[in-house]
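Enquirer: Okay, here's the structure, questions in a sec.
Each value in this text was obtained by applying a stated rule to the coordinates, not by laboratory testing. Since this is a predicted model, take the numbers as computed values, not measurements. In this analysis, Cβ positions are derived from the backbone assuming ideal geometry, glycine residues included, and neighbour counts consider all displayed protein chains.
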């Protein structure tokens, strides 16, 4: 069985932890842009990356996938010929009870006593069938958009599929 990335924080074990007004010390999400490319372009089709499982996607995985997809599309399609939109936002705050791992650490920590944890990052909680990202392109660039979404999916560590939808009907 191949080693799956993001297996520590992928499962939806706990209820959502999103009330940021009560939580101190939340790191900022690494994902910086959610819309890339040409937002005013005239596109024929939209390709959507749809989740096939209930999972959490960490903010740094979303950013890594966004960078890969955007770089591939801008290099192979052109900056003004696509629109890449990340549809999920990392609202859920992840916590970790950090344990020390050196000689004599057993005298400095309490183990599982009061193990609530400190915020270490954020994650987007996706459901089965929710759209993670979409690419709008002209019909001639469908293979490049499929490859870009495949690269984005590989960074996320969850099962997903690519769905192609028409934006314009072809007149025949």
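Enquirer: Gain in length, residue 146 to residue 40, computed as 0.36 nm per residue apart minus the alpha-carbon separation, to one decimal in nm?
Expert: Stretched fully, the residue 146-residue 40 segment lengthens by 36.0 nm.
Enquirer: Please report the relative contact order for the chain, taking Cα pairs under 8 Å with a sequence separation of at least 6, and give it as a percent rounded to a whole number.
Expert: The normalised contact order for the chain reaches 39 percent.
Enquirer: Just one of [x] 10.5; [y] 13.7; [z] 12.3 is mean projected area of the Cα convex hull in nm² as worked out from the coordinates here. Which one is it?
Expert: [y]
Enquirer: Expressed as a whole number of Å, what is the distance separating the alpha-carbon centroids of segment 118-152 and segment 18-97?
Expert: Cα centroid of segment 18-97 versus Cα centroid of segment 118-152: 7 Å apart.
Enquirer: Here's a follow-up. Could you put 72, 22 in order, starting from the residue whose Cβ has the fewest other Cβ atoms within 10 Å?
Expert: Least crowded to most crowded, the residues run 22, 72.
Enquirer: Angle check, please: helix 59-76 long axis (alpha carbons) against the longest principal axis of the chain (alpha carbons), in degrees 0 to 90, nearest 10.
Expert: 20
Enquirer: Given only helices, namely DSSP H runs of n ≥ 4 each adding -39500 (n - 2.57), what is the per-residue ellipticity at 222 nm of the chain, to the nearest 500 deg cm²/dmol?
Expert: After summing the helix terms and dividing by the residues of the chain, the value is -6500 deg cm²/dmol.
Enquirer: Continuing with this model, one more query. Could you tell me how many degrees, from 0 to 90 and to the nearest 10, lie between the Cα long axis of helix 142-156 and the main elongation axis, the longest principal axis, of the Cα atoms of the chain?
Expert: Roughly 0 degrees between the two axes.
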